[in-house]
1. At a 1.4 Å probe radius, carbon and sulfur cover how many percent of the accessible area of the range 36-79?
2. Name the residue, out of 155, 60, 68, whose mean-square fluctuation peaks in a Gaussian network model built on the chain with Cα pairs under 10 Å.
3. Determine the per residue accessible area of the range 1-133 with all protein chains present and a 1.4 angstrom probe, expressed in square angstrom.
4. Measure up 79/127; 97/130; 62/127; 66/127 against 25 Å on the Cα-Cα distance and list the ones that go over.
5. Suppose every Lys and Arg Cβ carries +1 and every Asp and Glu Cβ carries -1, with no other charges. What dipole size does the chain come out with about its Cα centre, to the nearest 20 debye?
6. Of all GluC sites (Glu not before Pro) in the range 33-89, which ones are in loop regions per DSSP and have a Cβ with at most 13 other Cβ atoms within 10 Å?
7. Picking from 93, 34, 116, which is most flexible by a Gaussian network model of the chain using Cα springs under 10 Å?
8. Need one value: the accessible area of residue 156 in square angstrom, 1.4 angstrom probe, rounded to the nearest 10.
Amino acid sequence: MRHVLSALVQNRPGVLSHISGMLASRGYNIDSLAVGETEDPRLSRMTFVVVGDDSVLEQVRKQLEKIVTVVRVDDISSKDYVERDLMLIKVAAPPGKRSEINELAGIFRARIVDVAADMVMIEISGKEQKIEAFIELMRPFGIIELVRSGRIAMVRGAESQRLTET
């Protein structure tokens, strides 16, 4: 089972390294990890995607909660939440293929953000399945380079907690 964990951590040097190292040393694989500052510059939010049963999830939570710089850990996969992934992809685009690439980008609500003589760079965000489907459609054109952000997620509406409620 896929679990999305959101951890509020103190915004200090080395926190990401400490947390990812601790999880790796205990044999937990992180499928996706994204981290960034919150509305409070003293705190960052880390979004982890881990795969495993409920006992794996519970062990990961317990290990995270032991770390001094971790303020709070929430399993948001059991709640109503929105998740997104961001990708930039460079695709070979000879002049005869550009209109087809542009049309496919439009269908996926992606944007062409850079154009060169023989390639285009496209920005796309959405759920993992959407990103994966877009990658597969771009393969025949020739993917030159690809970078993804990792999953970010936030609980919808009234279920979310403000940082001051910790």
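1. Accessible surface attributable to carbon and sulfur in the range 36-79 totals 49 percent.
2. Maximum among the listed residues: 68.
3. Roughly 54 Å² per residue, with all protein chains present.
4. Pairs exceeding 25 Å: 62/127; 66/127.
5. Rounded to the nearest 20 debye, it is 220 debye.
6. Within the range 33-89, the qualifying GluC sites (Glu not before Pro) (loop, at most 13 other Cβ atoms within 10 Å) are 39.
7. Residue with maximal mean-square fluctuation among 93, 34, 116: 116.
8. 120
The values are calculated or read from the model by the stated rules, or taken from the named source; none is laboratory data. The model shown is predicted, which means the values in this text are computed figures rather than measured ones. When we count neighbours, we look across all protein chains shown, and the Cβ atoms used for this are built from the backbone with ideal geometry, even at glycine. Ligands, DNA and RNA are stripped out before the accessible areas are found, and what is left, the full protein with its side chains, is counted by its heavy atoms. Shrake-Rupley method; radii C 1.70, N 1.55, O 1.52, S 1.80 Å.
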